[in-house]
Amino acid sequence: MNDKLIVSVATTGSWPTRRQTPHLPITPEEIARAAVECWREGAAIVHVHVRDANGVVTADKALYKEVMDRIRAAGSDIIINLSTSGGIGVCPEPERFYPLELKPELASFDAGSINVRERVFENSAAFLERLARAMLENNVKPEIEVFDTCMIFNALRLAEQGLIKPPYFFQLVLGVAGSQPASAKQLFHLVESLPPGAPWSAFGVGRHQLPINALAIALGGHARTGMEDNIYYRAGELATSNAQLVARLVRIGRECGREIASPNEAREMLGLAPVTTS
Ligand code: ZN
């Protein structure tokens, strides 16, 4: 119950635009700077999407690499989690494997298909098997993103085949239009459906971000924040930075008796090798 709290931050995502908020990091330099600021505030994991020169989501390997290199050049040991979502229907399937070639410690693994707003987020069983194999071959740990209860069991089927190795790290995603609701009841159902002892984290999108984070903290889970999921600090007030959202989550975690996990403490909990930066 009193395990240290792993704070993840998703700085950019594929949906938010600069028109919606001028504070969204878009270029590799901005994304890396935001990641380092969040790390200084207590984030142990940064979940990365990259955008092209027009601000459109892309799976461009060079852009991902630039973000990774800039974060490490700044002396940060934050765990880097690259997205394999391809921006939901934007990047053709082969491109979704590009980030794995950079061998990040973590990459998102969206464990099934759903509707997301007006798009279909397609992750067929055959695709998931290929993705799990590619992650295993590249020594990338899947962050199993769960948009619906069935995705827990999709991932566990792959684990039974030896394609996902324990400890399984689940990221529970609530409140995306087209998927499961951001309710306490749904979060409890998901948590009760997880294999015992598996580390898990949760977030809601939009106005559900902080309430689901708070519930996850109370239940002994971990929490993710950031502008990918919500661009507001409170109703009607834009967040001025990702670090502002991280700082609040860290305060709430500590007030609830959860100390904050450093990146290497998070690595230990997730079964990743420790990293030293120079
Ligand atoms: Zn993402």
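Shape verdict for the range 55-130, please, from the Cα gyration tensor: rounded (a/c under 1.5), prolate (a/b greater than b/c) or oblate. Judged from the Cα gyration tensor, the range 55-130 comes out prolate (a/c at least 1.5, a/b above b/c). If you wrap the Cα atoms of the range 177-238 in a convex hull and average its projected area over all directions, you get 4.5 nm². By other beta-carbon atoms within 10 Å, ranking His23, His222, His189 with the fewest at the front produces His189, His23, His222. Across the range 115-120, computed HN-Hα scalar couplings (Karplus, 6.51 cos²θ - 1.76 cosθ + 1.60, θ = phi - 60°) run 7, 10, 6, 8, 9, 9 Hz from first to last residue, x flagging Gly and Pro.
Taking the helices alone, the chain has a mean residue ellipticity at 222 nm of -10500 deg cm²/dmol, built from -39,500 (n - 2.57) per DSSP H run of at least 4 residues and averaged over all its residues. Taking the Kirkwood radius as Rh and the Cα radius of gyration as Rg, the range 97-222 has a ratio of Rg/Rh equal to 0.96.
Show log10 I(q)/I(0) for the range 131-179 at q = 0.15, 0.23, 0.26, 0.28 Å⁻¹, two decimals, from a solvent-free Debye sum over equal Cα scatterers. Those come out to -0.40, -0.82, -0.97, -1.07, one per q.
Based on alpha carbons, the Rg and Dmax found for the range 7-270 are 16.6, 47 Å. Other residues with beta-carbon under 14 Å from the beta-carbon of Ile114 carry, at +1 per Lys or Arg and -1 per Asp or Glu, a net charge of -3.
Each value in this text was obtained by applying a stated rule to the coordinates, not by laboratory testing. As the structure is a prediction and not an experimental result, all values here were calculated from the model. So basically every Cβ, Gly included, is an ideal-geometry build from the backbone, and we count neighbours across all protein chains shown.
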